[in-house]
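Read through the structure below, which is laid out as C-alpha cells, and then see the notes.
The values are calculated or read from the model by the stated rules, or taken from the named source; none is laboratory data. Computed from a predicted structure; not experimentally measured. Please note: Cβ atoms are built from the backbone with ideal geometry, for glycine as well, and neighbour counts cover all protein chains shown.
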Amino acid sequence: MASPHAQKTARTVLSAADIQRVVDRMAHQILEKTSGATGTVLLGIPTRGVPLAHRLAGRIHAFEDIDVPVGSLDITLYRDDLRLHATRALGKTEIPGSGIDGRRVILIDDVLFSGRTVRAALDAINDVGRPSSVQLAVLVDRGHRQLPIRADYVGKNIPTALDESVRVSLAETDDGVDEVKLTGGPR
Amino acid sequence: MIKHLLSAADLDADTATLILDTAGEMAALAEREVKKLPTLRGRTVVNLFYEDSTRTRISFEAAAKRLSADVINFSAKGSSVSKGESLKDTALTLQAMGADAVVIRHPASGAPDRLSSWVDGSVINAGDGTHEHPTQALLDAYTMRSRLGKLDGLNVAIVGDVLHSRVARSNVLLLTTLGAKVTLVGPPTLIPLSPGAAVSYDLDSVLPGADVVMMLRVQTERMQDSYFPSAREYSRRYGLDAARMRRLPEHAIVMHPGPMNRGMEIAPEVADSKRSTIVEQVANGVSARMAVLYLLLGGKA
C-alpha cells in the first residue's frame, strides 16, 4: 500500500530506440539458441505479445533472410483468475498453417510478472498441439514470480516493487508510441 | 455484461457484436483436435426443458461441456413436473443445487423472465412460447456474418408463420439492432399486427432483392387451425422451391432454423443446395452458445 503522501511518478525505463536495440538483440539470441530458427514458430500472446512477435520475425528475416511462422495465442479462456474480474473479451488465436506439432514454439509476451499468463499459455498450447519444446521471450522481466517459470530471452530485467506497474506502449497497439514506463510506488 | 439472456432486445449493438466476435473465436476451437476449454470448470449449467427439443438442448449441452461446465439435463417428462410441481418449486430446487446458469425452454411466453426473479444464477431463454429464442437469432446472425461478411445493410426476408415464431421475433429484434433490413413474408393471417419490420405478402417480389432468405417451419398444428386453406396452397405461394431459388441474387443464402418439412416450406433441392446454411447453422449454434455461456458465466458472479 503506497502512503497517501506518495506522488504518482512515471519514469521511462526503455525509450523507442532502446526497444529497437533490445528487439534486435533478442532476434540475434533466438537465431543463436535455435541454430538459425529452424523448425521454430513464434506465438505472441495478445495484446502486445503479437506485435512483438511480428517485430522479432521481421528482424530475423532482415538478419538472416529466414521466414519464421508467426501466430497469436489468446490465453483468456485458460486464465486462473477469471472469476475475480468482470468477463474479459477474447483476443485472437491464429496458429500458423504449419501447425506447432513437433516444432519449437517460442511464446512472446511484453511483461513477465507472476508467471500466471505463461502457465495459462502452456495449457493453451497443450490443447493446440504437441510442440517439441516451448521457450519464452519477454520484453521486460519485472520479477515477483508466483510460479516456477523463467524466460529464455529477456529484453530487460527491471527490478520493481509490487505496488509499481510497468506500462509497455507499442506503436502498433498504443497510438504510435514505443515506450516502457514504470509508474506508481513510493518516491 | 448482462446477467440474463431473456430477449434479443436486451442486446445493444456493442454487446451483440461482442457475442458474435466471441463466437468466432469459439468456432476456431471446433477445428482443433482437443475441443475442450477449462474456462467454466466447476460451474453447473442446468438444461430445463418443458418442451421437446433435440437440437437446442444438445447444442447447449455441447457448448457447456466444451467449456468444462457440469451439465444437468432436466426435462419435464419423467420429472416431478409430471406430478404437478410448479415452475417456482422447480426453480427453488435448482437454486438449492447451486445452478450457476439455467437454460430454459417453456411453452409459456415469459417463463424465463419469471424464473430469473427466483434464482441467483443466470437465466438463458432457449425458447419461450411464441415469444423469443435469442440464441437462435445470435447463431443466425453469426451465420449471415460469416457467409456474407457483414450484417449492416443486409436485406433479410423471413418467410412463413411469423405470428407464432419466436425465432422470427428474436431475429427481427437482433438484426434490426445490427443494422440489417428485415422483411417479413407470409400470408396475412400469419403476420402479426405490429411486426416491427417491413411486410410483404408476395414472396416472388421480395426474392430478387434479398441477401438472406430465412424459411420458418410450418408447424403442423397450425395447418388444422385454418390460417391458410391447405398445405398445398401454402407451399405453392410461400414454399421455396428450385425455381424460386433462381430468382435470388448470386450471393444470397437460404436459412432454416430446423426442423424442416422438406417439400412444404422448403424443397429438398433447395435445402441441399450450396446456398443452404442449414447444417452450418447447427455447428454455429454450438459456437454462439459457448460465447453466451462464457460471457454470462466466465467472469465474477
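Quick notes on this structure:
- Selected residue (only one of B:A126, B:A141 is outside the structural domain of B:E221 (by TED's automatic domain parsing) and among the aliphatic types (A, V, I, L, M)): B:A126
- Matching entry among B:A9, B:A16 (being among the small types (G, A, S), under 26 Å from A:R88 (Cα atoms), within 14 Å of chain A (Cβ to nearest Cβ) and part of a helix (DSSP H, G or I)): B:A16
- Residues satisfying the stated conditions in region B:120-133, i.e. crowded, with 21+ Cβ neighbours inside 10 Å and out of contact with any Ser or Thr (no Cβ under 6 Å at 6 or more places or on another chain): B:G121, B:S122, B:I124, B:N125, B:G127
- Qualifying positions in region A:118-168 - within 14 Å of another protein chain (Cβ to nearest Cβ) and either at positive phi or in a loop (DSSP other than H, G, I, E, B) (or both): A:G129, A:R130, A:P131
- Which listed residue, of B:S59, B:S79, is farther than 30 Å from A:D74 by Cα and either away from every other protein chain (no Cβ under 11 Å) or of a type in the set (F, W, Y) (or both): B:S79
- Among the residues of region B:30-70, those that are part of a helix (DSSP H, G or I), out of contact with any Leu (no Cβ under 7 Å at 6 or more places or on another chain) and either touching a residue at least 60 places away in the same chain (Cβ under 8 Å) or closer than 21 Å to B:A8 by Cβ (or both) comprise B:R55, B:T56, B:R57, B:S59, B:F60, B:A62.
- Screening the candidates B:Y234, B:Y294 for the property of being part of a helix (DSSP H, G or I), of a type in the set (F, W, Y), in contact (Cβ under 8 Å) with a residue 24 or more places away in the chain and within 14 Å of chain A (Cβ to nearest Cβ) yields one hit, B:Y294.
Every residue, every condition in (1) assigned to a loop (DSSP other than H, G, I, E, B); (2) of a type in the set (G, A, S); (3) at pLDDT 95 or above; (4) more than 19 Å from B:N284 (Cβ to Cβ), yes or no:
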| position | (1), (2), (3), (4) |
| --- | --- |
| B:S109 | yes, yes, yes, yes |
| B:A141 | no, yes, yes, no |
| B:M144 | no, no, yes, no |
| B:P195 | yes, no, no, yes |
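- So B:A27, is it without any contact (Cβ under 8 Å) to a residue 24 or more places away in the chain and assigned by TED's automatic domain parsing to the domain that holds B:M290: no
- One residue from B:D70, B:D21, B:D52 being within 14 Å of chain A (Cβ to nearest Cβ) and surrounded by fewer than 20 Cβ atoms within 10 Å (Cβ to Cβ): B:D21
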